[in-house]
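Structure, as structure tokens:
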Amino acid sequence: VHEETDTTTGTKERFSRSGFILAAIGSSVGLGNMWKFPYITGLYGGAAFFLLFTICLLFIGLPVLMAEMTIGRGGRGSPAIALVRLSGQRLWGGFGVLSIAGAFFIMSFYAVVAGWTMHYAVLSFGGVIHEGVDVAATFNNFIGGFLPVLWQFIVMVVTGWIVIRGASGIEKFNKVLIPALVLILLFLMVRVLMLPGAGTGVEFFLKPDFSKLSNESVLVALGHAFFSLSLGMGTMMTYGAYVDREQSLGGATLAVGGGDLLYALLAGLIIFPTTFAYGIEPGQGPGLAFVALPAAFSAMPVGWLFGGLFFLLLAIAALTSCVSLLEVPIAYAIDRWGWGRNKATIVTCSLCFLVGIPSAISVGGAAQGLHWGSRSFFDWTDFIASNIILPLGGLVVTIFVGYVWKNAAKEAGLTAGWFMLWLFILRYVAPILIVLVFLHTSGIIKI
Ligand code: PFF
């Protein structure tokens, strides 16, 4: 095992301190918080599920997040390279490549949904979604056609245009967009909480009824805590490699975890009051954001503005996550093959766009042949990346810091007490729970 990690080797990209925290918050806050979190909360137990999610995020998510950042900074490079550098064993590089592939595949379909949010922002601001429009048909026609491919292309171009500037470009972009995100979020929340009947939604979201929980709720909550914090995909390791030695990783972990949780809370305080105020069922699954909410917004006075702002919010949140996802394979191409950033960005974006096309056209049924078993190409990519690669990537991180890398304590900079707690969770608690989530979500066991 290598004794010292020095700052002279490895990537030259650097974030400023606040830039790193904002970029990492930008990565974690995304479609997961505003699209997935509300509908799984609706399906798996409302307030009690939110509480479970909070517990999973704080006690398992944060230690793993800290581990990823620590590996990134210690190894000073793309996950595949950092893991080899720190362990001196080539085998770990293979695990790194697995997470990098995960980030690439998540990006391929995440960009599709990010494109939907942009399309919906345009539709709402343009006044196309108004009272009396059949929102379900509008959505089905849209995703069943080829327009999503154009939007996915636009997302790729915008993301590539930011990432091509490296860490400083990523940082500048997040510094502008995260404050914008917070402002829009607060504005919408205040408006929505004033709706008559909003209180029932707040109660559904914040007053726990534990009888609504199932064993499955626990695993879904943990899986989502990982997805929401962008773990298991090498993003936080890649960003961690751009952090300087003086930055407190413990502080960064708390800021990112706290930001993500707060964002989920505020998103819930927008979505549930809206659905309840308009008598919409919150447990209706993935269509919640694109069908139920547009219906509710269009029934509101000046609904086009609120609907438009809501989708703009989703689009911004999605873009800052896309940036982090794309940076993972790009950093790998630069570190591993010595490519220039321009070449790495253009090649990665083009490939990711191509791989995303079948996702874009399969989810709404435009391309009927792209279905295998019960899943479309889109669902398969999501399933393999989010339910298989993500937990495996998380497991690798816990084992690496818990058992393999002997200098983690020094790099992490934690006090002895915190370090023991961190190590305990990484060694004994997190791996067991991750394996359970994996066995469950991959369908191997039914809990
Ligand atoms: N954390 C993002 C969200 O909640 O939408 C999604 C994500 C980004 C997952 C980056 C994984 C990742 F590496």
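One line per residue, one yes/no per condition, for (1) buried (at least 24 other Cβ atoms within 10 Å of the Cβ); (2) more than 18 Å from the chain's Cα centre (by Cα); (3) at pLDDT 95 or above:
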| site | (1), (2), (3) |
| --- | --- |
| Ser28 | yes, no, yes |
| Lys36 | no, no, no |
| Ile40 | no, no, no |
| Gly45 | yes, yes, no |
| Phe53 | yes, no, yes |
| Gly77 | yes, yes, no |
Taking the conditions exactly as written (of a type outside the set (A, V, I, L, M), in contact with an Asp or Glu (Cβ under 9 Å, 6 or more places away or on another chain) and either farther than 25 Å from Asn387 by Cβ or surrounded by 24 or more Cβ atoms within 10 Å (Cβ to Cβ) (or both)), does Thr235 satisfy them or not? yes
Going through Gly19, Gly10 one at a time, which residue ends up being at pLDDT 95 or above, within 24 Å of Ser168 (Cα to Cα), away from the ligand (no atom under 16 Å from the Cβ) and in contact with a helix residue (DSSP H, G or I) (Cβ under 9 Å, 6 or more places away or on another chain)? Gly19
Suppose we keep only residues that are of a type in the set (Gly, Ala, Ser) and under 21 Å from Pro196 (Cα atoms) within the range 284-307. Which one would you say is nearest to the chain's Cα centre (by Cα)? Ala289
Among the residues of the range 224-235, is there at least one that is closer than 19 Å to Glu281 by Cα and either of a type in the set (A, V, I, L, M, F, W, C) or within 16 Å of the ligand (Cβ to nearest atom) (or both)? no
For Trp92, are the conditions met, namely being within 23 Å of the chain's Cα centre (by Cα) and among the aromatic types (Phe, Trp, Tyr)? no
If you check Leu426, Leu439, Leu421, Leu354, which single one turns out to be of a type in the set (A, V, I, L, M) and surrounded by 16 or more Cβ atoms within 10 Å (Cβ to Cβ)? Leu426
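Give the residue, chosen from Val182, Val192, Val135, Val158, that is at pLDDT 95 or above, touching a helix residue (DSSP H, G or I) at 6+ places or on another chain (Cβ under 9 Å), surrounded by 14 or more Cβ atoms within 10 Å (Cβ to Cβ) and of a type in the set (Val, Ile, Thr).
After applying the criteria, what remains is Val158.
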Restricting to helices (runs of 4 or more DSSP H) lying wholly in the range 306-411: which have 1 or more residues that are at pLDDT 95 or above? 341-362, 390-399
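The values are calculated or read from the model by the stated rules, or taken from the named source; none is laboratory data. Owing to the predicted nature of the structure, the values given are computational and were not obtained by experimental measurement. For neighbour counting, all protein chains shown are included, and Cβ atoms are generated from backbone atoms with ideal geometry for every residue, glycine included.
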